[in-house]
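The values are calculated or read from the model by the stated rules, or taken from the named source; none is laboratory data. All figures in this text were calculated on a predicted structure; none of them were measured in a lab. Neighbour counts are summed over all protein chains in view; Cβ atoms, including those assigned to glycine, are modelled from backbone coordinates with ideal geometry. Note: accessible area is taken over every heavy atom of the protein model, side chains too, but ligands, DNA and RNA are not part of it. Shrake-Rupley method; radii C 1.70, N 1.55, O 1.52, S 1.80 Å.
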Amino acid sequence: MTRSRAEVTIDARGERFRELYIAARPRIIAYALRRSPSPEDAADVVAEAFTIAWRRLDDVPGGDASVLWLYATARRVLANHRRSLRRRSELVDRIGAELAACSTSSSVTDSLEASSARLALARLSDDDRELLMLTGWEGLNAAQVACVLSCSATAARIRLHRARSRLASELANFEIDTKQGHQPRHSIVEGPIPIPTPEEPLTR
Amino acid sequence: MKAIKEQFKVLDPVSLARIDVMANHPIFEELALKIVTGDADGVSDGIAEDWAEDLEPGPDPFLPQLGAGPAQRRRRALVSAGLALVLLAIALAVVAGTRGQTAGLTTTPWRAARSLPSGTHVSVPHGHAGSWELVGDIVRSGWQLNTSGPAPGDLTCPTTTACYVTGNTATKDTGPPVFDSLYFSGDSGHTWSVLALPNGFAFTAPVSCSGPGTCLAAGVVGGRAVLIETSDGGHEWAVSPLSIPGRIVSLQCASSSSCNGITVPDALVPTIEDTALVLPTNIDEHFVHSTDGGHSWSSSALPPVDRVTSMVCPGATECTAVGYVPSAPETAGDYSGFVLYTNDGGSEWENGVLPGSFGFTYLSTLSCTDATHCMALGVVTAPNPYQCGVSPEKLGTRGWSCTSGATARVTGIVTTDDGGGHWQLRPLPSDVPLPSMYSVSCADATTCWVSGSEAVPQGNNGGSAVLLGTTDDGVTWSKVTFVVPQGAPNDVGSDAYMSVGQISCPNSGGCIALGVVDQGSSSTPVYSDIGNGGP
């Protein structure tokens, strides 16, 4: 019996999803962990982002852009999670427990330099912080950031430059404060760093 | 700036080295399995078992339904478990990189159609009337039809030879219908066969076919909304979960990739196609659009109307919908009704202007052959030809009794030639008493047929089946009526053949129509005018 068009299509979909899943999985896990309040929430974001990718596989671009598509999807998933309470599955909870081992040391063991940087980052706007995280942690360049945030590459470069300048300014302020014997204006940030609300596009 | 980048990196709350190790943990293969089997939302466990049952071909609705004894239950359990293991292995193969037979777990095995007997118990030759011929019956013991309206089975004819009918196998004349069977004719309705569907599947919308063997249908399996797709005339079906909330109650595919539809919340489906008495109100209806054959959808809320009864999309982005307000008080000459139309795939909807004395009801239907020409069936008020004390007290031995009112609600027909913006009332012939028309289908911009009944007694019947055809966009009409054939299977209410329900005219080559019979009747008459010249 010859295979139907539907069967061939399904095979192709499965193969493509497998490749995407294997290639992008570490990066999406890291992305979610960096922005979620708990490893269990991060696991939920990962599961949902890849579920959307499976359902909308025909919309996922090919090549390196597929990871950017997944970043953008995970970003929207995070926003939805903040708007609603979800009942997680037992599997997601188990994944979350495993992901807890992927976190680095807590802030109590941070060096002074790291504490200063963490504090400076917390003082930035949500938009600035997301730009810096995408470049500093996800390792994206300005053009790739533009894809994730749905803005032009030029706008991304300009905003990234400004964000870095503002972070440098905050760091400088912190150094001045500590040299003059002042307490930092904010306590050391613990847990995930606040992130912008993705449903609102960043200012172009 | 470089120092800032370095400072920023030390803040990274995750260890990339640990992530790389973690990403290869077997638990993520488990997650992949859940995703490809549609259970990543974690709402229920054991989805592989569910899908195994889903994909087992359904029982032949024409064979006696035997009770499940212990041996049969054990056999079914073994079959389900075996299929679950097979499906599990296939899904794992996808994750592990082995090309599987059917990676998505969504294709039913090929099944031959089962032929049905033709209408041999109806006297031969079958009746002729004008260009129309009573060509046969969809015969089935227990074939169920609704007593309070048109045939619940929906007729879809992608060509003048190929037709599909979704069948209702409910065993009671009360309660929701059960659209879990599918009939097919490849010879303009002369003979019919029944197709195997995925086990447990029930339609929530008529089948939409972009070709004689290429069809997409919306329904539910085990309470979950799914789409089923065939490219070989219904022998194999690809099943996929619906990727949007709610359930599709209207589906229109202009091609194998471009589809439009309407969704309603899940809980409403069991009643939305039920009788008029239980129609819900204030439905949250959404217009949905797909460019990839239903794999993904965009969804947008329809304007706050309540509720759409028929939508037609003659193009990929052009759709027209009609509906009415169930809660609106209905008085003679003041009927509720609305028209919505879009030319941009549902981004914006415009309101059409209907004649003041015209309205729609829960039975109202619509046909559009292009983006500008449509014909719709609704209601108007007309003089009552059978007023008590004025006209005969009773029509036929069992049929219509007179009514006291000087006027009565009858079918009205409206047309548009500007895409739905403005509608004109088209008068029906004066020799059709109390016209009650159920379905309209237009072959081109000006050639249409409408089907229904008129209050003309015939034998035991109080009414007669009637077809009205026009070639000038409803300005003038030709009328076709049928004589109830000798030996007709009047085995329930003895009033079979008194109305024509669904009609489909895929092109100017002709039309197919289904008769309306009583609940529990053993056959559904089939009418055809293929190749006979039209109205």
**Prompt:** In segment B:316-325, which residues are open to solvent by 40 Å² or more (accessible area, probe 1.4 Å) and either touching a residue at least 40 places away in the same chain (Cβ under 8 Å) or aliphatic (A, V, I, L, M) (or both)?
**Reply:** B:A316, B:E318, B:V325
**Asked** Looking at segment B:200-215, is at least one residue modelled with pLDDT of 90 or more, under 15 Å from the mean Cα position of the chain (by Cα), within 13 Å of another protein chain (Cβ to nearest Cβ) and part of a strand (DSSP E or B)?
**Response** yes
**Asked** Quick one: what pairs do we get from segment B:223-248, first residue aromatic (F, W, Y), second assigned to a strand (DSSP E or B), C-beta under 6 Å, 6+ apart or different chains?
**Response** B:W237/B:P198; B:W237/B:I228; B:W237/B:T230
**Asked** Could you list, in sequence order, the residues of segment B:409-425 that are touching a Phe, Trp or Tyr at 6+ places or on another chain (Cβ under 7 Å) and hydrophobic (A, V, I, L, M, F, W, C)?
**Response** B:V414, B:L425
**Prompt:** Within segment B:289-315, how many residues are more than 14 Å from every other protein chain (Cβ to nearest Cβ) and in contact (Cβ under 8 Å) with a residue 40 or more places away in the chain?
**Reply:** 11
**Message:** So, in segment B:498-529, how many residues would count as being open to solvent by 10 Å² or more (accessible area, probe 1.4 Å), modelled with pLDDT of 65 or more and over 25 Å from B:P314 (Cα atoms)?
**Reply:** 2
**Request:** Go through segment B:441-479 and give me each residue that's open to solvent by 10 Å² or more (accessible area, probe 1.4 Å) and aliphatic (A, V, I, L, M).
**Result:** B:A443, B:A445, B:V456, B:V475
**Asked** Among the residues of segment A:102-136, which ones are at pLDDT below 75 and open to solvent by 50 Å² or more (accessible area, probe 1.4 Å)?
**Response** A:T104, A:S105, A:S106, A:V108, A:T109, A:S111, A:L112, A:E113
**Prompt:** Among the residues of segment B:342-388, how many are open to solvent by 40 Å² or more (accessible area, probe 1.4 Å) and within 26 Å of the chain's Cα centre (by Cα)?
**Reply:** 13
**Request:** Among what's in segment A:10-27 and is in contact with a Leu (Cβ under 7 Å, 6 or more places away or on another chain) and facing chain B (nearest Cβ under 9 Å), pick the residue that is least open to solvent (accessible area, probe 1.4 Å).
**Result:** A:F17
**Residue count for segment B:453-479, restricted to those that are modelled with pLDDT of 90 or more and not aliphatic (A, V, I, L, M)** = 10
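Could you please find all residues in segment A:117-131 being touching a Pro at 6+ places or on another chain (Cβ under 6 Å) and away from chain B (no Cβ under 11 Å)?
Of everything in segment A:117-131, those that are touching a Pro at 6+ places or on another chain (Cβ under 6 Å) and away from chain B (no Cβ under 11 Å) turn out to be A:D126, A:D127, A:E130.
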